[in-house]
Amino acid sequence: MKTLIIFARAPFLGQVKTRLAKCRAIGKEKALALYRAFLEDTFILATRTCAQSIAVHFTPPGAEEDMRQILHGLMLGQREENRFSFVPQVEGAFQKKIATSFQKAGRLGGEDLVMIGADSPMIRPEVVDEAFDFIHECSGMALGPSGEGGLYLIGFERGTPIDFSNVFDSGSEMENMLTQAMAGNIPLQVLPETLDVDVEADMVGLVGLLRAAEYLRKSDKDLYIPERTLHAVNSMKLRVIRKGGETRGKRIAVDCG
């Protein structure tokens, strides 16, 4: 069985996208609204993949009903909702949470396992399917780079000997996972890079990508777009400005015109 794990936080004020909230044009309220849009788009994205099971591993532990209500509010239909299960993350360090999520998904019947977060709204369904196909056909590892050595997707076959104890503690997550693939002689697939939205600089990139996707859809009606995220950015009237002539001075602002 192909199992897609969504590793996510429940959207509570002040508990999500705290670094993004430091952006003056965004703040806590807009950061919460943006993250909720990311989460909703991630749920929708999941239903458009070949995953037979979609396991939402969430925190805090008491938020299952909140997460189910978000899913139900998308009105995807009972058939799609039945693909989802909700599993609280274990307490402890981040690497323990990740490792345990993969272990639980495997024990519940997952054979080909792919994990994504809820803060990469530009992930395309076909990229997730590509990862599943590679894992199934090659018994390999799929990695999706998100810039600065981070990862938006990790996937491998159940039983693959992966040690997460040092993956997120030092250096580059990408290189740390690569080291494990090389040590175990595991076939590797590197997927197209996409944004993991954590800070203002990530939003600068996201705004441009969303507007480009919106334009491209005029000539490609089947193009996947994270609709909730696009709506949130447009309704907030977020735009990119530049301080003087500095190429690195791009910021997010609110269009008051």
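The table below gives the values:
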item: Single match in Ile162, Ile154 (criterion: among the hydrophobic types (A, V, I, L, M, F, W, C), crowded, with 23+ Cβ neighbours inside 10 Å and either in contact (Cβ under 8 Å) with a residue 12 or more places away in the chain or farther than 20 Å from Ser53 by Cα (or both)); result: Ile154
item: Single match in Thr59, Thr42, Thr47, Thr18 (criterion: farther than 30 Å from Asp133 by Cα, modelled with pLDDT of 95 or more and of a type in the set (Ser, Thr, Tyr)); result: Thr18
item: Any pair with Cβ under 6 angstrom, 6 or more apart, that starts in segment 116-145 at a residue that is under 14 Å from Glu193 (Cα atoms) and ends at one that is of a type in the set (Val, Ile, Thr) and in a helix (DSSP H, G or I); result: Pro121/Thr229; Ala142/Ile135
item: The lone exception for Arg124 - which of (1) under 24 Å from Leu34 (Cα atoms); (2) crowded, with 20+ Cβ neighbours inside 10 Å it fails; result: (2)
item: Which listed residue, of Lys17, Lys28, is free of Cβ contacts under 8 Å to residues at least 60 places away in the same chain, closer than 19 Å to Met203 by Cβ and surrounded by 16 or more Cβ atoms within 10 Å (Cβ to Cβ); result: Lys28
item: Subset of segment 1-17 [of a type in the set (Gly, Ala, Ser) and over 17 Å from Arg68 (Cβ atoms)]; result: Gly14
item: Enumeration of residues in segment 181-207 that are surrounded by 12 or more Cβ atoms within 10 Å (Cβ to Cβ) and free of Cβ contacts under 8 Å to residues at least 40 places away in the same chain; result: Gly184, Gly205
item: Residue count, segment 72-84 (criterion: more than 17 Å from the chain's Cα centre (by Cα) and either outside any loop (DSSP other than H, G, I, E, B) or surrounded by 15 or more Cβ atoms within 10 Å (Cβ to Cβ) (or both)); result: 9
item: Only listed residue being β-branched (Val, Ile, Thr) and either farther than 27 Å from Ile154 by Cα or in contact with a Phe, Trp or Tyr (Cβ under 9 Å, 6 or more places away or on another chain) (or both), chosen from Val233, Val190, Val199, Val207; result: Val233
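The values are calculated or read from the model by the stated rules, or taken from the named source; none is laboratory data. Since the model is a prediction, treat every value here as computed from it, not as a measurement. Every residue, glycine among them, receives a Cβ derived from its backbone with ideal geometry; neighbour counts consider all protein chains shown.
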